[in-house]
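Since the structure comes first, as structure tokens, the remarks are kept for the end.
The values are calculated or read from the model by the stated rules, or taken from the named source; none is laboratory data. Bear in mind that the values here come from a model prediction, so they are computed numbers and not experimental data. Please note: Cβ atoms are built from the backbone with ideal geometry, for glycine as well, and neighbour counts cover all protein chains shown.
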Amino acid sequence: MPQDENGREHATLAMAATVYHVNEKRKDRKVEDCVRKDGDPQKPSKRPRERFTRFRDDEFSQLQAGRKKSDQRRGNLRLDGQGNRQGQKTNDQTKHGKQKETEQLALRHHGRFYQRIPGRLPTFLWENEPDVQEPRGTMNFRRTTTLFSLIFVALFGALIVGPRAARTQQEQAPQKKQQTPTIDEYQTKSTLVTKEHKIERAKFPFIDIHSHHWNPTAEEVDRLVKEMDTINLRVMVNLSGGTGDQLKNTVAVMKGRYPDRFVVFANMSYDDLNTPGFGKRVVARLEEDVKNGAQGLKIFKNFGMDLKYASGERVHVDDPVFDPVFEKCAELKIPVLIHVAEPSAFFDPWDYHNERWEELKEFPGRARPPAKYPPFETLMAERNRLFAKHPKTNFIAAHLAFHGNDLERLGKLFDANPNVYVDIAAVLAELGRQPYSARDFLVKYQGRVLMGKDIYDVNEYKWYFRALETRDEYFEYYRKRHAFWRIYGFQVPDEVLKKIYYKNALKLVPGIDAKAFPE
């Protein structure tokens, strides 16, 4: 390795490209061939010259800033074609300062235009390179050609890669969205392949014990009958008959036109609740409604939850004020279809653990927070005391008495109260998610369960038929807010099916023509 006069080793800085310095007037000045660290020119190469590349202007500007003190210093790096330096400094300090600046400039190019080689230059860097300077026009032509070639390659690449990248982003965007769907967006499609039985018409004629039609018109009733015939719905019970004149009109429109196809229940009015003697007046109204065609009494969900006295006290389900009403129903031999409370989940916190979260989101008013409503168990206890207090009155607890999620508890209610029945209106999903337990329960308590739908839609009954009459597996429920899960058929025996469809209702509701149904 070469040494200087002090015996220290030094490295050779080999320039593998022509260096262009920019002066203050932005004109290029050229350094040709190679420069050693000690300032001496290298032997001209005999090889054909490699393609040269210009340094960046910002790096030359930095070099200029360090050399502004001396105009002579800006010319120190210019070499002629024979390797002789022009404007050489005799001062060693100036010479070495110039060399240091040149070396720092080259180092900033990360070795792309030079190599730092201990000892001496490899011969391949300078051998066989003729000492002929290319004409300026030729070099400009090469630069222009190279520039346009790069632009062409860039444009061609953009045309090829650009659309592909756009398509990839478009394909990835929805995929990323699908990875974190909301509970509303998550709508799976089952890949299960199994036998299906799409039943459009009930196997036996049936009675819908739970339907609502407020002040129907004659045209609406005509349409109802036509739709009922398509699904084998023989008798529909309208629980929203009202009282007084409203009940008279409803009976006239429905039973007056189709006396064997409809049943109308009366309702209580609470307008005079805070006037003394309310119990006697409501009993008298009920008697009058029965004379006018009512065949039962329906008590809505506000009873026990929202109904209050003028003092603000809540009317309890087993309030003694209403005892005369229930006793009158037993005397008149009409059933009481009563809706007490709501699904227990409505009384729970509305969080992501609540399985009725979607319904409460869609209908926030259905929530039963403790600050406004009594607890679910309080209402259940009051209801059970009411059933026990009036053993001669037949009660139909709506919606499986809200024990569809706990059939064992419902069985205990039946065992303790022989006068209690239930309908399956709007709770098919509860039975459908436990097909084995549901079938066992319905067989065991086959004389206590009635067919009901609640909100009328002729196209939704087929889910009830499919669940009660088939063993189909894992099919969707018709109302997602009631159940985000899928349900199964539990196919009860025909004798059980007949009791659910019509025999139990014939036993409880007076005035229905039994001849319209099979034995």
Residue match in the range 455-465 (condition: surrounded by 18 or more Cβ atoms within 10 Å (Cβ to Cβ) and of a type outside the set (Phe, Trp, Tyr)): no
Boolean, Glu200 is surrounded by 12 or more Cβ atoms within 10 Å (Cβ to Cβ), out of contact with any strand residue (DSSP E or B) (no Cβ under 6 Å at 6 or more places or on another chain) and part of a helix (DSSP H, G or I): no
Yes/no for Thr275 being closer than 30 Å to Ile487 by Cβ, of a type in the set (S, T, N, Q) and out of contact with any Ser or Thr (no Cβ under 8 Å at 6 or more places or on another chain): no
Selection within the range 251-269 - in contact with a strand residue (DSSP E or B) (Cβ under 8 Å, 6 or more places away or on another chain) and farther than 21 Å from Val283 by Cβ: Met254, Lys255, Asp260, Arg261, Phe262, Val263
Condition check for Tyr488: within 30 Å of Lys392 (Cα to Cα), crowded, with 19+ Cβ neighbours inside 10 Å and at pLDDT 95 or above: no
Where a residue in the range 287-305 is under 26 Å from Glu342 (Cβ atoms) and touching a residue at least 60 places away in the same chain (Cβ under 8 Å) and its partner, wherever it lies, is outside any loop (DSSP other than H, G, I, E, B) and of a type in the set (A, V, I, L, M), with Cβ under 8 Å and at least six apart: Gly296/Val237; Gly296/Val263; Gly296/Ala266; Gly296/Val336; Gly296/Leu337; Gly304/Leu379; Met305/Leu379
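Conditions (1) free of Cβ contacts under 8 Å to residues at least 12 places away in the same chain; (2) assigned to a helix (DSSP H, G or I), marked per residue:
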site	(1), (2)
Tyr456	no, no
Asn459	yes, no
Ala467	no, yes
Arg471	no, no
Tyr478	no, no
Trp485	no, no
Glu495	no, yes
Tyr502	no, yes
Leu506	no, yes
Filter pass, Glu430 being within 22 Å of Trp357 (Cα to Cα), of a type in the set (D, E, K, R) and surrounded by 21 or more Cβ atoms within 10 Å (Cβ to Cβ): yes
Answer from Glu327, Glu359 - the residue that is over 24 Å from Val237 (Cβ atoms), touching a residue at least 60 places away in the same chain (Cβ under 8 Å) and touching a His at 6+ places or on another chain (Cβ under 9 Å): Glu359
Pairs with Cβ under 6 Å, 6+ apart, first in the range 188-201 and under 16 Å from Phe490 (Cβ atoms), second hydrophobic (A, V, I, L, M, F, W, C) and at pLDDT 95 or above: Ile199/Phe465
Residues that are within 26 Å of the chain's Cα centre (by Cα) and of a type outside the set (Gly, Ala, Ser), drawn from the range 181-197: Pro181, Thr182, Ile183, Asp184, Glu185, Tyr186, Gln187, Thr188, Lys189, Thr191, Leu192, Val193
Residue tally, condition part of a helix (DSSP H, G or I), within 18 Å of Glu382 (Cβ to Cβ) and hydrophobic (A, V, I, L, M, F, W, C), over the range 330-347: 2
Residue identified as modelled with pLDDT under 95 and either surrounded by fewer than 13 Cβ atoms within 10 Å (Cβ to Cβ) or touching a helix residue (DSSP H, G or I) at 6+ places or on another chain (Cβ under 6 Å) (or both) among Tyr352, Tyr445: Tyr352
Selection status of Lys515, among the basic types (Lys, Arg), free of Cβ contacts under 8 Å to residues at least 24 places away in the same chain and on the phi < 0 side of the Ramachandran plot: yes
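A quick yes/no check of all residues on (1) of a type in the set (D, E, K, R); (2) under 28 Å from Phe484 (Cα atoms):
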site	(1), (2)
Phe402	no, yes
Leu407	no, yes
Phe414	no, no
Asp423	yes, yes
Val427	no, yes
Glu430	yes, yes
Ala438	no, yes
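Results for (1) in a loop (DSSP other than H, G, I, E, B); (2) under 39 Å from the mean Cα position of the chain (by Cα); (3) of a type in the set (S, T, N, Q); (4) farther than 20 Å from Gly296 by Cβ, shown as yes or no for each residue.
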{"position": "Pro369", "(1), (2), (3), (4)": "yes, yes, no, yes"}
{"position": "Lys372", "(1), (2), (3), (4)": "yes, yes, no, yes"}
{"position": "Glu377", "(1), (2), (3), (4)": "no, yes, no, yes"}
{"position": "Met380", "(1), (2), (3), (4)": "no, yes, no, yes"}
{"position": "Asn384", "(1), (2), (3), (4)": "no, no, yes, yes"}
{"position": "Thr393", "(1), (2), (3), (4)": "yes, no, yes, no"}
{"position": "Gly404", "(1), (2), (3), (4)": "yes, yes, no, yes"}
{"position": "Glu408", "(1), (2), (3), (4)": "no, yes, no, yes"}
